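Below is one structure, written out as structure tokens; comments come after it.
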Amino acid sequence: MNTTGYEVVIGLEVHSQVLTRTKQFCRCVSESVHEESRANINVCPICLGHPGVLPVLNVTSVGKLLILAAKLGCDVHRRSVFARKNYFYPDLPKGYQITQYDHPIATGGVVRYFTGGATREWKLTRVHLEEDTGKLFHLPDGGAIVDFNRAGVPLMEIVTEPCVFRTDEPFGQACVDYLDELRLDLIWLGVSDGNMEEGNFRCEPNVSVRKAGESKFGVKVELKNLNSFSTLRKALEYEVPRQIAAIESGERLYQETRRWDEKRGETATMRRKETSDDYRYFDEPDLPPLVVSEGMIEEAKTKVRDVPFDVTRRLLEEYALPYADARQIAESRMLTEWFGAVVSKGAQAKTVANWLLGEVSRFHNLGKLTASPDALVEVLEALAAKKINLSQAKEVFERANAGQTVDQTITGKARIIRPAEIIAEMGLTRLDDAAALEAIVDEAIAASEKIVADIRAGKTAAVMALVGAVMKATKGSANAATVQEIIKRKLGVP
Amino acid sequence: MKDLISSTAAKLTEMFGRGALSPTEFLKAQTEFARRAEPNVRAFIRILDENEARLGVADRPDDSGARRKLFGVPIAVKDNLNTKAVETTAASRILKGYVPPYDATVVRLLKEAGNPVIGKANLDEFGMGSSTENSAFFPTRNPWDPRLVPGGSSGGSAAAVASLQAPVALGSDTGGSVRLPAAFCGIVGFKPTYGMLSRYGLIAFASSMDQVGVLARSTSDVALAMNTMSAPDPLDSTCQAGETDLFAAVQDFARLRGAKVGVVKELSRPEGLDAPVCANLNASIDAMRRAGIDVREVSVPLCDLALECYYIINTAEASSNLARYDGVKYGMRMEGADLAQGYIDVRTRGFGAEVKRRILLGTYVLSAGYFEAYYNRARTVRRAIKEQLDAALAEVDFLVSPTSPTLPFGLGERIDDPIKMYLGDICTVVVNLAGMPGISLPNGMSPPDSEHPKGLPTGLQIIARRFDDARILAFARFYEEISGHGYVVPPMVEEELAK
Amino acid sequence: MDATLFDGLCNLARLSLPEAERADFQAKFADLLKFVERINAYAGMGGDPLVQREELPAAPDEPQPFNFDDRAGLSFKVPSIIDFGE
């Protein structure tokens, strides 16, 4: 079908649960509960919408939104207002949702991300607070059980400005790139869990088409119940041609909500009553205006952290890593921390990147990463000094990661073996590592009071006895001369 | 015991406090009298048995803090205030069988201070009405004449106090629902400043105007009740109560001697009032002048749009507040196989006609296309009304008017004419729109006639600035002193007492 | 009053009126509308809505689980939702 001559306009709406201990308007525990057997375990008269109850706002959810707003450069409105959105549904206990309408806490802002090495951005319209609904467990007879555990959980709604694409642009991917970046930002800032499968990060695109160059917007369709990025992309890529085809054939397009039908591979109307969309918003009379203080805004700013976009940019600009590598590291807080720690001790950026994406990730994915960044530092130093070759280095790292303890040291206490010792133990080199030797000598000194007393009394032969103990502990791989030097220095004998 | 039945709550508290009388014994006697009087009054949806009445009630008075509080006094609680483990219906079928899992904050505070709940008082369904005829169960009667309405929506609360079935009652006032029945029944009815009492546990009608109120036979009793209930509540974001000692303020009423009072012209036009109401208003003004009070006329022009403004805002908020009654979670439950029809069935069967009317009007004024013309305009008028009242109260300390333009009317007389019914609220709604404190005091009787040997009561309304609750109660006490007006035992009740 | 409009309102509010009461109800409702329409006599518009409290007091994020005496009542079942969308 010929889609040239058309433009696609997409706006993305994200609902993300906020990481707090309690719900938005009551102090019930806010947590993900999936089993029907645990339905209604975290409820109270307030989140059940009993007669006579009143909402009380969770101050931490405001704080979390302010952190996001600070990071994304939003305008924070010191005074904002809550509103009621009125409609009937079994999972909406009060028959209205408390949200923000005319006066949200934050407007504007930008989410920046990389795609294929270049930076892009999506402008935001607004970010505001609201509350989540309960859940329905559908029964075989067509009815449902209502679980209000999720009712009242704090939600943040993040809405983008409409973005215009040509039909031959990868608009589906552009949306996924933005959403994934936003998701990571929320996780890294400690604002949300960002887990789409668990349902605490939900995306609803609004999509319309129009003839290229036109300024008026076409009929807008909202897509819902897209529970993965790939579903979202498929749904968009189906919907755009559907709308164009309708226009071309003179068929009428309805402003409606559609869902993705996986079996049929198409979007389908969600059946609803005709007059459903009049939400009759009005200011929530039970909540005075929210006034955000300068202090709250400043405190939020102190909690702003680097996010994957910042890390990616640094890896590209300061370390000239290839984009794919940079991106992979930047998306993992763990790998980002390791990169920083290892490179700061002098290792080569590209080498570190390879090891992080290779061995470190391999062990991490198996759930077996116990080594610390210091261990990698030691391995890479030995490698760089050509004391070991690459395959030996990998073996050393694996053994370091195995959490092996040093057997029977002088004190009888076990400690995690260091790569330098492993290298020595494997007979690959003498144990010259000053820090490791110092540690072993300290142990020997502590364990041999009598010998130490003799040494101090001037019996130089006793020094050799101590050296012997250390040689034994290092299975002969230590450098005896170095050991002797260290012992004499520590005990202050010539 | 009979003398005690007509005691003030202040006297009872004092006697319980020094051990001269046992609260349990008194509760028994009061309850027994209430049951005897009930067939003629029907003030209560239910009179509680002793166990229910004493659920959660402390044995000792609340001595914390400096304020004097009620102790041991049986309270009639309007059935739109939640009482834990005791059915609360808001006089609606849709809440039949609803047993709250918690006490309203004001109820809890009364219980913690040692005051039992004698019964759940009748009301207009969800507080919507001015006569208590909109109760889904039965209408309450005016103790002055059982063919007349007691006023509403807190008609049960007012009738209970007026017929000596309880010394003190809790009501709620959204557009006059405590003051109006107080006037019709010849007792004191106080609506505090919006925010003085917690609304947590008060079944919501119009959230920005609802306020718990107190009905009693004297101003001192009202003040004691207020001291017991007025406290900050973290469960109500609109509650701004402090630690004001209202009882102490009331005892210090003499200093109100130099007060300035403004009579609201728009609410006191003789052509708009029943003759006895007008006459008693004038007599009250004279009494005040004789006592040295500067009484002048003030104008609040927007009073002439107050009812329209009130009925747009209250119905808008109510249409939203009542959406939770859907048959899913509590009360009357949904039946049948279809959800969509289920909602409609429950709400159609569960709500009375007046409630349905207001829900529909509220839905209308909020809907797309009409919001600007109705709701938004009403909000503008509301702000302007407050500004006019503030301006008037910058010139004087208190405003006065009749509480009701008419004497109590007959059961069934206005029920088929909603607008006529609404017009009875003309004097009281401005106070709720502005969030100010207002009180109705008995200010005399209509001329006695063959039907009414003592006449029928009228009420004087006093209005003050927001958070001037201590002063308005003190001035009310002052008025009681200088006018000699106060509670009079209705003939029907005298008969009952004599038995 | 327009019947479609009235039906639309009933639908939004999930209410219905038995045939017998309909005419009377609609007539009374029309009177009500005429009554509140008088608000348009006021020419002014705009300004901030009246708020009784200037600032909302938010609460600390501390869990306070609620103890229901009767947990048996916490089971909520609804009939078929097929025709209801969302």
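Bear in mind these aren't lab numbers, they're just calculated from the coordinates by the rules spelled out. Here the structure is a predicted model, which means the values were calculated and not measured. No Cβ is skipped: glycine too gets one built from the backbone with ideal geometry, and neighbour counts run over all protein chains shown.
In a reduced charge model with +1 at each Lys and Arg Cβ and -1 at each Asp and Glu Cβ, segment B:133-288 shows a dipole moment near 260 debye about its Cα centre.
What is the packing order of peptides B:131-142, A:303-314, taking the mean over residues of other C-beta atoms within 10 Å and listing the highest first?
So the peptides B:131-142, A:303-314, ranked by packing, come out B:131-142, A:303-314.
Filter A:LYS224/B:LYS329; B:LYS78/B:LYS111; B:LYS96/B:LYS356; B:LYS111/B:LYS191; B:LYS120/B:LYS356 down to the pairs with a C-alpha to C-alpha distance above 19 Å, please. Before the final figure, lay out the partial values.
Details: A:LYS224/B:LYS329 27 Å; B:LYS78/B:LYS111 15 Å; B:LYS96/B:LYS356 17 Å; B:LYS111/B:LYS191 21 Å; B:LYS120/B:LYS356 24 Å.
The pairs that break the limit, which is 19 Å between Cα atoms, are A:LYS224/B:LYS329; B:LYS111/B:LYS191; B:LYS120/B:LYS356.
Computed over chain A, relative contact order equals 14 percent, with contacts defined as Cα pairs under 8 Å that lie 6+ residues apart. Using +1 at the Cβ of each Lys and Arg and -1 at the Cβ of each Asp and Glu in segment A:306-403, identify which of A:ALA385, A:PRO322, A:TRP338 lies farthest towards the dipole's positive end. Selected residue: A:ALA385. Rounded to the nearest 0.05, the FRET efficiency derived from the C-beta distance between A:ARG78 and A:ALA457 at R0 = 51 Å is 0.10.
Shape class for segment A:431-494: prolate, because the ratio a/c of the largest to smallest gyration tensor axis (alpha-carbon atoms, square roots of eigenvalues) is 1.5 or more and a/b beats b/c. For chain B, the relative contact order is 18 percent, taking Cα pairs closer than 8 Å that sit 6 or more residues apart in sequence and dividing their mean separation by the residue count.
Rounded to whole Å, the principal axis extents of the Cα atoms in segment A:74-189 read 50, 42, 29, largest first.
Toward the positive end of the charge dipole of segment A:6-302, with +1 on the Cβ of Lys and Arg and -1 on the Cβ of Asp and Glu, the farthest Cα among A:LEU232, A:GLY199, A:PRO154 is that of A:PRO154. Annotation for segment A:211-290: GluC sites (Glu not before Pro) lying in DSSP loop with at most 13 further Cβ atoms inside 10 Å of their Cβ are A:GLU214, A:GLU251, A:GLU262, A:GLU274.
Stretched out straight at 0.36 nm per residue, the stretch from A:SER391 to A:GLU262 would grow longer than its current Cα-Cα span by 41.8 nm.
The eigenvalues of the Cα gyration tensor, multiplied by 5 and square-rooted, give chain A an equivalent ellipsoid with semi-axes of 60, 28, 21 Å from largest to smallest. Computed over the alpha-carbon pairs of chain B, the distance histogram in 20 Å steps reads 26, 60, 14, 0 percent, short to long. Shown is the FRET efficiency for A:GLU318 and A:ILE297, computed with R0 = 35 Å from the Cβ-Cβ distance and rounded to the nearest 0.05: 0.70. The mean sequence distance of close C-alpha pairs (under 8 Å, at least 6 residues apart), as a share of the length of segment B:189-324, puts its relative contact order at 26 percent. The H on the amide N of A:GLU131, modeled in the peptide plane, is under 5 Å from the matching H of A:ILE98, A:LEU155, each at least 5 residues off or on a different chain. Once the chain from A:GLN484 to A:ASP180 is taken as fully extended at 0.36 nm per residue, the excess over their C-alpha distance is 103.6 nm.
Toward the positive end of the charge dipole of segment A:431-494, with +1 on the Cβ of Lys and Arg and -1 on the Cβ of Asp and Glu, the farthest Cα among A:ALA446, A:ALA478, A:PRO494 is that of A:PRO494.
Helix A:171-188 and the longest principal axis of the Cα set of chain A meet at an angle near 50°.
Each of C:ALA20 and A:ILE416 was given a label point 7 Å from its Cα along the Cα-to-Cβ line. The distance between the two points is 8.3 nm. Rounded to the nearest whole Hz, the Karplus-based 3J(HN,Hα) values (6.51 cos²θ - 1.76 cosθ + 1.60, θ = phi - 60°) of segment A:294-300 follow the sequence 4, x, 5, 5, 5, 4, 4, with x at glycine and proline.
Is chain C rounded, prolate or oblate when judged by the Cα gyration tensor, a ≥ b ≥ c being the square roots of its eigenvalues, rounded requiring a/c under 1.5 and prolate requiring a/b larger than b/c?
oblate
Give, rounded to the nearest 20 debye, the magnitude of the charge dipole that chain B has about its Cα centre when Lys and Arg contribute +1 at Cβ and Asp and Glu contribute -1 at Cβ.
Working: 55 positive and 59 negative charges, 78 e Å.
About 380 debye.
Mind putting a number on the dipole of segment B:429-499 about its Cα centre? Charges go on the C-beta only, +1 for Lys and Arg and -1 for Asp and Glu, and I need it in Debye to the nearest 20.
The calculation lands at about 400 debye.
The angle between the Cα long axis of helix A:59-72 and the longest principal axis of the Cα atoms of chain A comes to about 80 degrees, rounded to the nearest 10. Determine ³J(HN,Hα), in whole Hz, for all residues of segment B:64-69 in sequence, where each value follows from phi through the Karplus function 6.51 cos²θ - 1.76 cosθ + 1.60 and θ = phi - 60°; x replaces Gly and Pro. Whole-Hz 3J(HN,Hα) from phi for segment B:64-69: 5, x, 8, 7, 6, 10. The mean number of Cβ atoms from other chains found within 10 Å of a Cβ in peptide B:416-426 is 2, as a whole number. Against chain A, whose longest principal axis comes from its Cα atoms, helix A:229-248 is set at around 30 degrees.
For the segment B:51-64, counting C-beta atoms of other chains within 10 Å of every residue's C-beta and taking the mean gives 0.
Classification of segment B:246-375 by its C-alpha gyration tensor yields a prolate form. The axis ratio a/c (a ≥ b ≥ c) is 1.5 or more, and a/b outweighs b/c. Evaluating 6.51 cos²θ - 1.76 cosθ + 1.60 at θ = phi - 60° for every residue in segment B:272-289, the Karplus couplings come out as x, 10, 4, 3, x, 5, 5, 4, 5, 4, 4, 5, 4, 4, 4, 4, 5, 4 Hz, glycine and proline recorded as x.
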